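As structure tokens, the structure follows; a few thoughts come after it.
The values are calculated or read from the model by the stated rules, or taken from the named source; none is laboratory data. What you see is a predicted model; the values in this text were computed from it and never measured. Backbone-built Cβ (ideal geometry, glycine too); neighbour counts: all protein chains shown.
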Amino acid sequence: MTTKTIMIPVRGYAAQDAVTPLNPFTFQRRDVGDHDVLIDIRYCGVCHSDIHQVRDEWGGSIFPMVPGHEIVGTIARVGSRVTKFKVGDIAGVGCFVDSCRQCTSCKEGLEQYCDSGMIGTYNAREKDGTPTYGGYSSSIVTDEHYTLHIPAALPLEGVAPLLCAGITTYSPLKHWNVGPGHRIGVLGLGGLGHMAVKFSAAFGAEVTMLSTSASKEADAKRLGAHHFVLTSDQAQMKNLAGHFDFILNTVSAPLNLNAYLNLLKRDGTMILVGAPPKPAEIQGFSLIMRRRRIVGSLIGGIAETQEMLDYCGTHNIVSDVEVIPIQQINTAYDRMLKADVRYRFVIDMATL
Ligand code: NAP
Ligand code: ZN
Ligand code: ZN
């Protein structure tokens, strides 16, 4: 007698290697286990990390790769022991789908810092070695513990980017207690940057947008920035020396960090979330002279991601998005590489 493993057929878009465009791809997902949910994906955001990984800029990419970690959709099936969700609920999945569940970080709800490494939603391997495939696809099977509730009444296409761009900016702002009395500079107005502006303003900080794109000034102010500075304007940059308590750096490309560290006050903090592939050079005196520091932050844990989504529900915060059909994904990547996105591309999965 042979036992046949049931798999779920899925349609998506994949990169077959680091240089060719993404193309249609069919694959299979595991059947819904006792603690799993099956989500019919409605929207998936396009993060710059998708581009870094598709192009193997961070090394170790696994192909074929179905990117996408800003996923929202409808629960289509639930496993026999699922308690958090029922069929028809709206659910979200962010950057990871599993972790060891036993280390101190996992126990503290900081699964993104799991000692064994979080298991990414794509470009990773499940504990049994199966490659993970992300949200540029028709459906996904996830453990309910790694699945989020989406507050009712928010437009779903605007919610999708909260699962990465949202939590990646919310988490460090909370960790460093950014709020009233603080001056923060947000560096780079893209997907993460525009959420950083919204959250920093909502938390009561004085927000300055630091951008290379003069054309984004009006948008930056509409999003909540109190000031806008074009970083190529040497006179304005000089005026800002020693000005900020915090700089949230979301830039995806190589950058002269020293020029921005110089804008921090004594004991000021640069929070690095942007992850350019190449190392940056830091002049020791940029930190030494005013006892400045540079810190990093990786997305956020499940509990905090839920907290952020609930906060957005209460305060009516969503991402500003350009909804695209999946057939335009390669064009969207090209535009992001030119800093031309307002302010997150989101794929409408009905176009698949
Ligand atoms: P994005 O939407 O493409 O935005 C990046 C922005 O950076 C651009 O819009 C542009 O803003 C600015 N920029 C681009 N090239 C620049 C350059 N050469 N010099 C100065 N500024 C430049 O990207 P994203 O999705 O927000 O992601 C940003 C970075 O964060 C990526 O490296 C991504 O991998 C990383 N990330 C990290 C985490 C984490 O957990 N730490 C999570 C998600 C993403 P202006 O036009 O305003 O200059
Ligand atoms: Zn991301
Ligand atoms: Zn762990």
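Return a yes/no flag: does region 65-72 have any residue that is more than 18 Å from the chain's Cα centre (by Cα) and away from ligand 3 (no atom under 16 Å from the Cβ). No.
Looking only at residues in region 96-114 that are closer than 18 Å to residue 70 by Cα and more than 8 Å from ligand 3 (Cβ to nearest atom), the one that is surrounded by the fewest Cβ atoms within 10 Å (Cβ to Cβ) is 98. Screening residue 125 with (1) out of contact with any helix residue (DSSP H, G or I) (no Cβ under 7 Å at 6 or more places or on another chain); (2) more than 16 Å from ligand 2 (Cβ to nearest atom); (3) under 30 Å from residue 205 (Cα atoms) gives one miss only, at (3). Figure legend. Inter-residue proximity from region 272-286: first residues touching a residue at least 40 places away in the same chain (Cβ under 8 Å), second residues exposed (fewer than 14 other Cβ atoms within 10 Å of the Cβ), beta-carbon distance below 7 Å, spacing 6+ or different chains. Indicated pairs: 277/58.
Considering only residues that are of a type outside the set (A, V, I, L, M, F, W, C) and surrounded by fewer than 18 Cβ atoms within 10 Å (Cβ to Cβ), look in region 53-78 and name the one that is farthest from ligand 1 (Cβ to nearest atom).
Initially, region 53-78 is screened for residues of a type outside the set (A, V, I, L, M, F, W, C), giving 53, 55-57, 59-61, 64, 67-70, 73-74, 77.
After this cut, where a residue has to be surrounded by fewer than 18 Cβ atoms within 10 Å (Cβ to Cβ) as well, the list is 55, 57, 59-61, 64, 74, 77.
Numbers: 55: 11, 57: 9, 59: 14, 60: 15, 61: 13, 64: 20, 74: 25, 77: 30 Å.
Within region 53-78, the match that is farthest from ligand 1 (Cβ to nearest atom) is 77.
Would you point out the residue of region 127-141, among those that are within 12 Å of residue 97 (Cα to Cα) and small (Gly, Ala, Ser), that is surrounded by the fewest Cβ atoms within 10 Å (Cβ to Cβ)? The qualifying residue surrounded by the fewest Cβ atoms within 10 Å (Cβ to Cβ) is 134.
Could you count how many residues in region 298-317 are assigned to a loop (DSSP other than H, G, I, E, B) and either within 16 Å of ligand 3 (Cβ to nearest atom) or surrounded by fewer than 21 Cβ atoms within 10 Å (Cβ to Cβ) (or both)?
Taking region 298-317 and keeping what is assigned to a loop (DSSP other than H, G, I, E, B), we get 298-301, 316-317.
Okay, now just the ones that are also either within 16 Å of ligand 3 (Cβ to nearest atom) or surrounded by fewer than 21 Cβ atoms within 10 Å (Cβ to Cβ) (or both), so 298-301, 316.
Summing the residues that are assigned to a loop (DSSP other than H, G, I, E, B) and either within 16 Å of ligand 3 (Cβ to nearest atom) or surrounded by fewer than 21 Cβ atoms within 10 Å (Cβ to Cβ) (or both) in region 298-317 gives 5.
Looking at region 37-61, which of its residues are more than 19 Å from residue 352 (Cα to Cα), away from ligand 2 (no atom under 12 Å from the Cβ) and out of contact with any Asp or Glu (no Cβ under 7 Å at 6 or more places or on another chain)? Give the steps one after another, and end with the answer.
Residues of region 37-61 that are more than 19 Å from residue 352 (Cα to Cα), as a first pass: 37, 48-49, 51-61.
So of that shortlist, the ones also away from ligand 2 (no atom under 12 Å from the Cβ) come out as 37, 54-61.
Once the filter is applied, which keeps residues that are more than 19 Å from residue 352 (Cα to Cα), away from ligand 2 (no atom under 12 Å from the Cβ) and out of contact with any Asp or Glu (no Cβ under 7 Å at 6 or more places or on another chain), region 37-61 yields 54, 55, 56, 57, 58, 59, 60, 61.
Given the condition within 13 Å of ligand 1 (Cβ to nearest atom), on the phi > 0 side of the Ramachandran plot, assigned by TED's automatic domain parsing to the domain that holds residue 275 and in contact (Cβ under 8 Å) with a residue 60 or more places away in the chain, answer yes or no: does some residue in region 183-190 qualify? Within region 183-190, one or more residues are within 13 Å of ligand 1 (Cβ to nearest atom), on the phi > 0 side of the Ramachandran plot, assigned by TED's automatic domain parsing to the domain that holds residue 275 and in contact (Cβ under 8 Å) with a residue 60 or more places away in the chain.
Would you mind finding the one in 285, 345 that is out of contact with any Gly (no Cβ under 8 Å at 6 or more places or on another chain) and either modelled with pLDDT of 95 or more or part of a helix (DSSP H, G or I) (or both)?
On the way: 345 fails: out of contact with any Gly (no Cβ under 8 Å at 6 or more places or on another chain).
None of the other options fit; the residue is 285.
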